[in-house]
Amino acid sequence: MDYNYCEIEPKWQQYWREQKVYQADNNSNKPHFYVLDMFPYPSGAGLHVGHPLGYIASDIYARYKRLKGFNVLHPMGYDAYGLPAEQYAIQTGQHPAITTEQNIKRYREQLDKIGFSFDWDREVRTCDPKYYHWTQWTFIQLFNSYYCTSCQKAKPISRLIEHFAQNGSADLHVACGQELSFTAEEWNAYSEQQKSDVLMNYRLAYLADIPVNWCPELGTVLANDEVVNGLSVRGGYPVERKLMRQWSLRITAYAQRLVDGLEQVDWTDSLKEIQRNWIGRSEGAAVWFPLEKGDHSFEIFTTRPDTIFGVTFMVLCPEHEMISEITTPEQREAVDQYVAWAKNRSERERQAEVKTVSGVFTGAYAVNPLTQERIPIWVSEYVLAGYGTGAIMAVPAHDSRDFAFAKHFNLPIRQVVAPSVEEVSDPATWTESMDAKVGVSVNSGFITGMKVKDAMKAVIAKVGEMGIGHKTVNFRLRDAIFSRQRYWGEPFPIYYKNGVPCAIPEDKLPLELPEIKEFRPTATGEPPLGHATVWAWDEQQGKVVENSKIDNINVFPLELSTMPGFAGSSGYYMRYMDPCNQEAYFSKEAAGYWQNVDLYVGGAEHGTGHLIYARFWNKFLFDLGLSTKEEPFQKLINQGMIQGRSNFVYRSKENNNLFISKNIPGRAEKTVPIHVDINIVDNDVLDIEKFRAWRPEFKDAQFELEDGKYICGWEVEKMSKSMFNVQNPDDLVARYGADTLRLYEMFLGPVEQAKPWDTNGIEGVHRFLKKFWRLYESVKDVPASKAELKILHQTIKKISEDIERFSFNTAVSTFMICVNDLSAAKCSKREILEPLVVLMAPFAPHIAEELWHQMGNQGSVTLASWPLFEEKYLVEDTFSYPVSFNGKMRFTVDLPATADAAMAEKAVMEAPESQKWLAGAKPKKVIFVPKRIINVVV
RNA sequence: GCGGAUAUGGCGUAAUUGGUAGCCGCGCUAGACUUAGGAUCUAGUUCCUCACGGAGUGGGAGUUCGAGUCUCCCUAUCCGCACCA
């Protein structure tokens, strides 16, 4: 009987589904293991071959762990809220819920065909009220929490309110928007509205007027990671800066813990580095510079306090609040003009012109607190409002930006750091500043002669003594804007009681997304939820009622924004542990059992988005006592992107109906390349009949062939419909079967590596499976020879190692070698083939299952026992056999310094290793150097 | 500009982690069987050379008995950040 994948694959998929073979148990004595994939956004285009790459890798690992006796949690779900479905709704009027449902159905069909071992009973969808119940719940917890900086932990806001009532703002150690100062008496006298405003400064989810990334085309604000080069990631529309009242998450409170946590996880260095850069921790000093006139002073942040003697001017950002106050009458017009100009520039213009220097003098002066020098104060765009204090001390000699500014406006440059005290030069001759933190201070009063590091400490100590500064840490990370002016997202569980935002009671959750018919913003510019007619909160009844009932006594308006995409994806991995819990996000027992994700597989493109938000979310849940581990994802594998591999035909310039094969001499000049559908090309050979049928215009196409074939050109490009290079996994499953697809995707190369998709090698993998199948056609119950056992044992050993280090491509190669060897030996012995089929089960589960049952075994092979081999089939010390898989045996023998080749050979033959493994046979090759024999090839 | 990664046959890749390159697969060459097939099997295939032999892991140096692997300097490609004081 032939290997009939069309029959066996659906059969076993059904069996697994019906027998619930992959159901994970929350109460088990087995060791636990949690394997997670980044759940997909169900887009209308369906899966392409890039998606399953990571899923197959994680599935192999999950199945391997099951064979190893672990209770494995391997769930899947959908990140179902998102812009594309809503944009589609705007264009067509089709409700996003319908589009999403259809897409999910399609995804599920595609996923099912590949034979994954997901526990579908645990499926979550972010748009399901039973799920977003807990997204909303978490939001309320964030809203009702503040961050205590002395114990580095989130705490209930009620504790802060008590503190205010007793002590006012004194002795606060909290993360906040700005430093406020009030007494207990003042607090107690505040109105509800005032108290609410003050608390917003401390809540972990807070409402504030902040400069946001506004995308007019999408009609919504975007988070920093959703904007690249001033354009939206989704759609590529321009984004502008705008001041808006938005919900934000105080993720900056967790910045230090987010940096520290990276030490505990097993991620690649490059991804950790991406996160460190995004968080952008930098140590330095805060220093107050007094103004020359009046008693005001302003704060600056610097990472180079040691250069304070080199300050020759100060710069404020155009948004700085002190500008209008300090600007002199003579300079007012110029300053106003500059500030207005800067304000009107789009983010994109600003970024495009980073190298251009612009700025204006305010006419005001500050005083250097250490030298008492008078320092002019300027305004310039190159100082950013969002970082540090929006004001800097400029040291043009040792900062390239300050240097460019000083050159442009002809401001003095003073060297204060040099390689040594003697090596001082004239900065007027410099072409660039000396930014490196090396050398010693010069021209710097009491720190002159000190090394940079010591000088920094000395200056910090000095300003500390003077009460005008201290050591501090700054982060580049900004709070995450959490509002989206969109419909298809989680509604905020918030209503506005006469302007005061209030959370709806937890026992009334979920607050379900209301139905609307029009998905655009309202005529008055409100978000789409402004169209909802039943979107008001009745406090008495504790439910949603018609808007018409709003009286601001009992019935209040609800929030019209919705949450962003990352809201639902920040905690889904915890929900999988206990997906049906109606009383809680997840039970403490479930979290206590599963702990955290042991292995997370997904793309590196989430390095600055999802992976930061999820870590923050989990740390918060940890502070609440819900999550048992502070870091959610212990080990992370980044699957490489699959690029497209486009094929081309070459159309003659003279004759539109003539196509010339790639390698015909002179072709390049005579033709133009045209993209051709990769599905009608096989190994770069064009199927001429299919090509003629592909499009009407090619109906009568003529060809100039080489060796009777039409050879296409190829190029690596993005996988996209317009280049006809999208490979749909379904087509390959239909043609070769899921097992072939699974093996081939792994065989393509290391999982982490980016690579173009091409099907040129898939035949070889398919052939291997057929060969594997043939081995089992006449299984005999006779004892295996030692040589055959050796093949098996080496394979077991190598496959185990390969899986443990996620080297699935070499694992597939190992199988091929094993099967080649067994075929050559005509080995059909049960003793060999039975364990081999179990070994194969993680990779090609369908064929393994079929053969397992054909051999008369019961139960699923994918739950058989891996140690079976190690105990039952282990002979001698095969697992410590010194011969590696490719036949080299290595051991070291000490030789006298005078040894020659003959003596070396003799020593090899006498070595215990040879006695044991060569059994008198001569080695093929002996490599030796004086004193030691190094390598013996047998 | 800063940071991270990668570079091996015609192609995808492998190399016992410092042990004397190119496993496995594709493709290609020759052959066997054949109901002439997009089946199966056998042998060969890094490059140059009829051969003897020589060269060879992006380029250049270095450490070492020994380097694809370690160090330094270039070059190219990819990714991340980008006026972050």
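The values are calculated or read from the model by the stated rules, or taken from the named source; none is laboratory data. Since we're looking at a predicted model, the values are computed, not measured. Using ideal geometry, Cβ is built from the backbone for each residue, glycine included, and neighbour counts are taken over all protein chains shown. Each accessible area value is taken on the protein alone, full model and side chains, heavy atoms only, with ligands, DNA and RNA left out. Shrake-Rupley method; radii C 1.70, N 1.55, O 1.52, S 1.80 Å.
When residues of the stretch A:510-528 are filtered for being without any contact (Cβ under 8 Å) to a residue 12 or more places away in the chain and open to solvent by 30 Å² or more (accessible area, probe 1.4 Å), how many remain?
Result for the stretch A:510-528: 3.
Residues of the stretch A:776-804 being open to solvent by 40 Å² or more (accessible area, probe 1.4 Å) and closer than 25 Å to residue A:68 by Cβ, which ones?
A:790, A:797, A:798, A:801, A:804, listed by residue number.
Just one of A:585, A:573, A:593 is assigned to a loop (DSSP other than H, G, I, E, B), of a type in the set (Phe, Trp, Tyr) and modelled with pLDDT of 95 or more; which is it?
A:585
I'm trying to understand the selection: among the residues of the stretch A:162-185, which are of a type in the set (Ser, Thr, Tyr) and surrounded by 15 or more Cβ atoms within 10 Å (Cβ to Cβ)? Quick ask: steps written out before the conclusion?
Filtering the stretch A:162-185 for residues of a type in the set (Ser, Thr, Tyr) gives A:169, A:181, A:183.
Residue satisfying the conditions is A:169 alone.
From the set of residues in the stretch A:607-624 that are within 16 Å of RNA strand B (Cβ to nearest atom) and of a type in the set (A, V, I, L, M, F, W, C), which is nearest to residue A:477 (Cα to Cα)?
Checking each candidate, the answer is A:612.
Collect the residues in the stretch A:832-851 that are in contact with a helix residue (DSSP H, G or I) (Cβ under 7 Å, 6 or more places away or on another chain) and more than 14 Å from residue A:9 (Cα to Cα), keeping them in residue-number order. Step through it out loud before you land on a result.
Initial filter on the stretch A:832-851 (in contact with a helix residue (DSSP H, G or I) (Cβ under 7 Å, 6 or more places away or on another chain)): A:832-833, A:835-851.
Of everything in the stretch A:832-851, those that are in contact with a helix residue (DSSP H, G or I) (Cβ under 7 Å, 6 or more places away or on another chain) and more than 14 Å from residue A:9 (Cα to Cα) turn out to be A:832, A:833, A:835, A:836, A:837, A:838, A:839, A:840, A:842.
Please give the number of the condition residue A:531 fails out of (1) more than 18 Å from residue A:135 (Cβ to Cβ); (2) surrounded by fewer than 17 Cβ atoms within 10 Å (Cβ to Cβ).
It fails just one condition, (2).
Let's see how each residue does on (1) basic (Lys, Arg); (2) out of contact with any helix residue (DSSP H, G or I) (no Cβ under 6 Å at 6 or more places or on another chain); (3) within 16 Å of RNA strand B (Cβ to nearest atom):
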position	(1), (2), (3)
A:287	no, no, yes
A:295	no, yes, no
A:351	no, yes, yes
A:356	no, yes, yes
A:365	no, yes, no
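Restricting to the stretch A:306-334, and then to whatever is out of contact with any strand residue (DSSP E or B) (no Cβ under 7 Å at 6 or more places or on another chain) and farther than 27 Å from residue A:456 by Cβ, can you tell me which residue is surrounded by the most Cβ atoms within 10 Å (Cβ to Cβ)?
That would be A:319.
In the stretch A:659-677, which residues are open to solvent by 20 Å² or more (accessible area, probe 1.4 Å), in contact with a Phe, Trp or Tyr (Cβ under 8 Å, 6 or more places away or on another chain) and in contact (Cβ under 8 Å) with a residue 24 or more places away in the chain?
A:662, A:673, A:674, A:675, A:677
Under 8 Å between Cβ atoms, which residue pairs at least 6 apart in sequence (or on different chains) link something in the stretch A:754-769 that is within 19 Å of residue A:849 (Cα to Cα) with a partner that is within 6 Å of RNA strand B (Cβ to nearest atom)?
Cβ pairs passing all conditions: A:768/A:816.
Based on what the data block shows, is residue A:77 within 27 Å of residue A:744 (Cα to Cα) and surrounded by 19 or more Cβ atoms within 10 Å (Cβ to Cβ)?
Here the answer is yes, as residue A:77 does meet what is asked.
Given the structure, is residue A:41 of a type in the set (Phe, Trp, Tyr), surrounded by fewer than 20 Cβ atoms within 10 Å (Cβ to Cβ) and not in a helix (DSSP H, G or I)?
Criteria met by residue A:41.
Given (1) free of Cβ contacts under 8 Å to residues at least 40 places away in the same chain; (2) closer than 30 Å to residue A:610 by Cα; (3) more than 12 Å from RNA strand B (Cβ to nearest atom), identify the lone condition not met by residue A:265.
It fails just one condition, (1).
What's the total number of residues in the stretch A:750-805 that are farther than 30 Å from residue A:598 by Cα and among the hydroxyl-bearing types (Ser, Thr, Tyr)?
4
Considering only the stretch A:367-426, state which residues are surrounded by fewer than 16 Cβ atoms within 10 Å (Cβ to Cβ), outside any loop (DSSP other than H, G, I, E, B) and away from RNA strand B (no atom under 15 Å from the Cβ).
A:374
Working only within the stretch A:336-351, note down all residues that are surrounded by 13 or more Cβ atoms within 10 Å (Cβ to Cβ), modelled with pLDDT under 90 and in a helix (DSSP H, G or I).
Correct list: A:341, A:342, A:347, A:348, A:350.
Quick check on the stretch A:190-200. Is at least one of its residues at pLDDT 95 or above and under 30 Å from residue A:345 (Cβ atoms)?
So far as the stretch A:190-200 goes, yes, one or more of its residues are at pLDDT 95 or above and under 30 Å from residue A:345 (Cβ atoms).
Mind listing just one residue for me: the one in the stretch A:257-304 that is among the basic types (Lys, Arg) and assigned to a helix (DSSP H, G or I) and, of those, modelled with the highest pLDDT?
A:257
Considering only residues that are buried (at least 16 other Cβ atoms within 10 Å of the Cβ) and out of contact with any helix residue (DSSP H, G or I) (no Cβ under 8 Å at 6 or more places or on another chain), look in the stretch A:641-658 and name the one that is farthest from residue A:573 (Cα to Cα).
In this case the residue turns out to be A:658.
Which residues, taken from the stretch A:305-324, are outside any strand (DSSP E or B), within 39 Å of the chain's Cα centre (by Cα) and within 11 Å of RNA strand B (Cβ to nearest atom)?
A:305, A:306, A:307, A:317, A:318, A:319, A:320
Does residue A:684 satisfy being more than 30 Å from residue A:258 (Cβ to Cβ), touching a Cys at 6+ places or on another chain (Cβ under 9 Å), of a type in the set (Asp, Glu) and within 16 Å of RNA strand B (Cβ to nearest atom)?
Yes, satisfied.
Answer yes or no as to whether residue A:654 is without any contact (Cβ under 8 Å) to a residue 12 or more places away in the chain and either assigned to a helix (DSSP H, G or I) or away from RNA strand B (no atom under 16 Å from the Cβ) (or both). Talk me through it step by step, then tell me what you get.
On the way: without any contact (Cβ under 8 Å) to a residue 12 or more places away in the chain: no; either assigned to a helix (DSSP H, G or I) or away from RNA strand B (no atom under 16 Å from the Cβ) (or both): yes.
It is false that residue A:654 is without any contact (Cβ under 8 Å) to a residue 12 or more places away in the chain and either assigned to a helix (DSSP H, G or I) or away from RNA strand B (no atom under 16 Å from the Cβ) (or both).
Name the residue, out of A:241, A:245, A:234, that is under 21 Å from residue A:136 (Cβ atoms) and surrounded by fewer than 20 Cβ atoms within 10 Å (Cβ to Cβ). Show your work before the answer.
Details: A:241 fails: under 21 Å from residue A:136 (Cβ atoms); A:234 fails: under 21 Å from residue A:136 (Cβ atoms).
Of the residues listed, the single one that is under 21 Å from residue A:136 (Cβ atoms) and surrounded by fewer than 20 Cβ atoms within 10 Å (Cβ to Cβ) is A:245.
Specify which of the listed residues (A:742, A:774) is of a type in the set (Lys, Arg), more than 6 Å from RNA strand B (Cβ to nearest atom) and within 20 Å of residue A:603 (Cα to Cα).
A:742
Listed residues A:271, A:231; which is in contact with a strand residue (DSSP E or B) (Cβ under 8 Å, 6 or more places away or on another chain) and within 21 Å of residue A:565 (Cα to Cα)?
Numbers: A:271 fails: within 21 Å of residue A:565 (Cα to Cα).
Exactly one residue qualifies, and that residue is A:231.
Table: residues versus (1) of a type in the set (Ser, Thr, Tyr); (2) open to solvent by 10 Å² or more (accessible area, probe 1.4 Å); (3) more than 9 Å from RNA strand B (Cβ to nearest atom); (4) within 14 Å of residue A:844 (Cβ to Cβ).
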{"site": "A:711", "(1), (2), (3), (4)": "no, yes, yes, no"}
{"site": "A:721", "(1), (2), (3), (4)": "no, yes, yes, no"}
{"site": "A:750", "(1), (2), (3), (4)": "no, yes, no, no"}
{"site": "A:766", "(1), (2), (3), (4)": "no, yes, no, yes"}
